[in-house]
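K.L.:
Take a look at the following structure, please.
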Amino acid sequence: METAAPARVQALAEAGVSRLPAQYIQPPEHRPTPSPSPIAAALSVPVVDLSTSTADDAVRAACADWGAFHVVGHGVPVDLLDAVRAAGLAFFRAPMEDKLRFACDPARGAASEGYGSRMLANDDSVLDWRDYFDHHTLPESRCDPARWPDFVPGYRDTIAKYSNSMKDLAQKLLCIISENLSLPPSYIQEAVGEVFQNITISYYSPCPQPDLALGLQSHSDMGAITLLIQDDVGGLEVLKDGMWIPVPALRDGILVILADQTEIITNGRYKSSVHRAVVNAEHARLSVATFYDPSKSRKICTAPQLVSENEPQKYRDVIYGDYVSSWYSKGPEGKRNIDALLIQH
């Protein structure tokens with residue numbers, strides 16, 4: 001949630017601060033590791049070519065083993081991916097007074113639309129070293145392009161076009177994931193219901209003490225599925241077998257991140273991916289995340305077909321809006337919000 005006058009990380013970085021302000025210093029146990037272990041360095045996030053005949057099997061393995069994977073051959077033109085990255089960069093490189101015209105409204109609560117620097121409602125939480133612009137793109141009833149920047153040529157059209165492409169890709173992937181679990185193709189899509197989609201462009205400024213900060217703290221996403229693209233700087237890491245694995249940038253690749261509601265629906269067969277963003281001292285980094293989520297009134301339940309005597313139901317049903325409120329008030333911290341729904345057997 002935005003405070004009345006939030007500090008913009010980009011403004012701090014451009015002012016040349018040499019020491020990290022205290023509110024951005026992570027506790028020692030959460031700080032980034034200086035270099036990955038040889039085992040971690042040898043692991044890499046799977047890349048699935050959706051245009052091949054083996055795509056479904058590759059998605060199944062990636063969902064089961066990782067919860068995060070790149071897709072290529074997805075049918076989204078690379079020119080559109082580049083245009084979205086360029087639009088985001090143009091916004092963050094614009095004068096501060098232009099950006100502030102589109103600032104989040106603190107009265108609208110956590111994760112309100114617009115230009116922000118602080119997403120959590122909890123005042124005690126350590127701040128992420130990032131600024132962002134959050135767009136509400138679906139359903140159409142909550143989409144208001146007048147809230148999006150008007151000073152970058154083609155910005156609004158680019159975001160609208162990208163939103164439609166990401167919705168189509170998310171639904172295609174959810175069909176594959178459903179079928180891989182012997183569910184009807186539309187099962188997860190129908191369990192999610194009317195889609196609420198946000199597109200968040202994050203800008204991670206160079207950080208004076210990157211070993212003490214995080215661009216985005218460790219968390220799993222709260223919705224159904226997330227689709228992410230990034231520039232060539234790198235900094236995203238996913239947690240695999242207790243190790244942080246860097247995710248390389250692929251210009252034509254889209255990173256698929258399974259989120260918590262998919263873990264609930266699939267009874268934990270497919271787990272949401274814990275991930276974070278690290279920062280560096282030299283280069284700004286940009287990423288664009290598209291969140292495909294249920295409505296806040298939607299009740300999310302485990303698929304009964306995936307529950308048996310040998311595999312009892314793992315998670316309590318949950319109203320998605322209650323889940324979101326918990327996430328924003330308590331903070332994400334790994335997977336603590338989904339773990340709170342675990343049924344004790």
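The values are calculated or read from the model by the stated rules, or taken from the named source; none is laboratory data. Note that the structure is a prediction, hence the values are computed from the model and not measured. All Cβ positions, even for glycine, are placed from backbone atoms using ideal geometry, and neighbour counts span all protein chains on display. Accessible surface areas use protein heavy atoms only, side chains included; no ligands, DNA or RNA. Shrake-Rupley method; radii C 1.70, N 1.55, O 1.52, S 1.80 Å.
K.L.:
Counting only C-alpha contacts under 8 Å and six or more residues apart, can you give the relative contact order of the chain as a whole percent? Mind dumping the intermediate values first?
P.N.:
On the way: 695 pairs, mean separation 74.6, N = 345.
Relative contact order comes out at 22 percent.
K.L.:
Give, as a single signed number, the net charge of other residues whose beta carbon lies under 11 Å from the beta carbon of GLN344, with Lys and Arg counted +1 and Asp and Glu -1.
P.N.:
With Lys, Arg at +1 and Asp, Glu at -1, the net is +2.
K.L.:
If you don't mind, there's one more thing I want to ask. Explain nothing, just compute: Karplus ³J(HN,Hα) = 6.51 cos²θ - 1.76 cosθ + 1.60, θ = phi - 60°, for every residue of the range 90-106 in order, whole Hz, x for Gly and Pro.
P.N.:
4, 4, 6, 8, 6, x, 4, 5, 5, 5, 5, 4, 10, 5, 4, 9, x
K.L.:
Got a sec? Charge dipole of the range 9-341, +1 on Cβ for Lys and Arg, -1 for Asp and Glu; which of TYR315, ALA86, THR290 is way out at the positive end?
P.N.:
TYR315
K.L.:
Could you list, in their original order, any pairs among LYS172/LYS314; LYS161/LYS314; LYS161/LYS330 whose Cα atoms are separated by more than 28 Å?
P.N.:
Correct reply: LYS161/LYS314; LYS161/LYS330.
K.L.:
Something else now. Can you give the extra length, in nm with one decimal, that the chain gains between MET96 and ASP157 once fully stretched, where that is 0.36 nm per residue apart less the Cα-Cα distance?
P.N.:
In short, 19.7 nm is gained.
K.L.:
Out of VAL17, THR52, THR137, whose Cα points farthest toward the positive end of the dipole of the range 9-341 (charges: +1 Lys, Arg; -1 Asp, Glu; placed on Cβ)?
P.N.:
Of VAL17, THR52, THR137, it is VAL17.
K.L.:
Among LEU286, LEU212, LEU227, whose mean-square fluctuation peaks in a Gaussian network model of the chain (Cα, cutoff 10 Å)?
P.N.:
Top of the fluctuation ranking is LEU212.
K.L.:
At most 16 other Cβ atoms within 10 Å and a DSSP loop assignment: could you name the trypsin sites (Lys or Arg not before Pro) in the range 17-88 that fit?
P.N.:
In loop regions of the range 17-88 (DSSP not H, G, I, E or B), the sparsely surrounded trypsin sites (Lys or Arg not before Pro) are ARG19.
K.L.:
A follow-up question, please. Where nothing but the Cβ of Lys and Arg (+1) and of Asp and Glu (-1) is charged, how large is the charge dipole of the chain around its Cα centre, in debye to the nearest 20?
P.N.:
360 debye
K.L.:
Quick one: with all protein chains in place, what share of the accessible area of the range 9-341 is carbon or sulfur, to the nearest percent (1.4 Å probe)?
P.N.:
Within the range 9-341, the accessible surface is 51 percent carbon and sulfur.
K.L.:
Only helical DSSP H runs with n ≥ 4 go in: add -39500 (n - 2.57) per run for the chain, normalise by residue count and round the 222 nm mean residue ellipticity to 500 deg cm²/dmol.
P.N.:
Per the formula, -8000 deg cm²/dmol.
K.L.:
Another question, if that's okay. When only DSSP loop residues count, what trypsin sites (Lys or Arg not before Pro) in the range 210-304 have their Cβ near at most 16 other Cβ atoms within 10 Å?
P.N.:
When the trypsin sites (Lys or Arg not before Pro) of the range 210-304 are filtered for loop state and at most 16 Cβ neighbours within 10 Å, ARG251, LYS296 remain.
K.L.:
Still on this structure, I have one more. Which of SER165, GLY154, LEU214 sits farthest toward the positive end of the charge dipole of the range 9-341, with +1 on the Cβ of Lys and Arg and -1 on the Cβ of Asp and Glu?
P.N.:
Looking along the dipole axis, the top candidate is LEU214.
K.L.:
Now for a different question. Can you return the aspartates and glutamates within cross-link range of LYS167? Criterion is Cα-Cα under 13 Å, with same-chain partners fewer than 8 residues away left out.
P.N.:
Of all the aspartates and glutamates, those that pass the test against LYS167 - Cα under 13 Å, at least 8 places apart if same chain - are GLU140, GLU194, ASP293.
K.L.:
Using the Karplus equation 6.51 cos²θ - 1.76 cosθ + 1.60 (θ = phi - 60°), what ³J(HN,Hα) coupling, rounded to whole Hz, does each residue of the range 289-301 give in order, writing x for Gly and Pro?
P.N.:
10, 10, 9, 9, 10, x, 6, 5, 8, 6, 8, 9, 10
K.L.:
Next question. At 1.4 Å probe radius, can you tell me the per residue accessible area of the chain in Å²?
P.N.:
42 Å²
K.L.:
Right, something else. Take each of the peptides 134-141, 161-168, average the number of other beta-carbon atoms within 10 Å over its residues, and list them starting from the highest.
P.N.:
161-168, 134-141
K.L.:
Using a ≥ b ≥ c from the Cα gyration tensor of the range 1-148 (square roots of the eigenvalues), is it rounded, prolate or oblate, where a/c under 1.5 gives rounded and otherwise the larger of a/b and b/c decides, a/b for prolate?
P.N.:
Taking the square roots of the gyration eigenvalues as a ≥ b ≥ c, the range 1-148 is oblate.
K.L.:
Which entries of LYS296/LYS335; LYS99/LYS296; LYS299/LYS335 show an alpha-carbon separation above 25 angstrom in the structure shown?
P.N.:
Long pairs (Cα-Cα over 25 Å): LYS99/LYS296.
K.L.:
Calculate the length of the line joining the C-alpha centroid of the range 1-68 to that of the range 278-345, in whole Å.
P.N.:
18 Å
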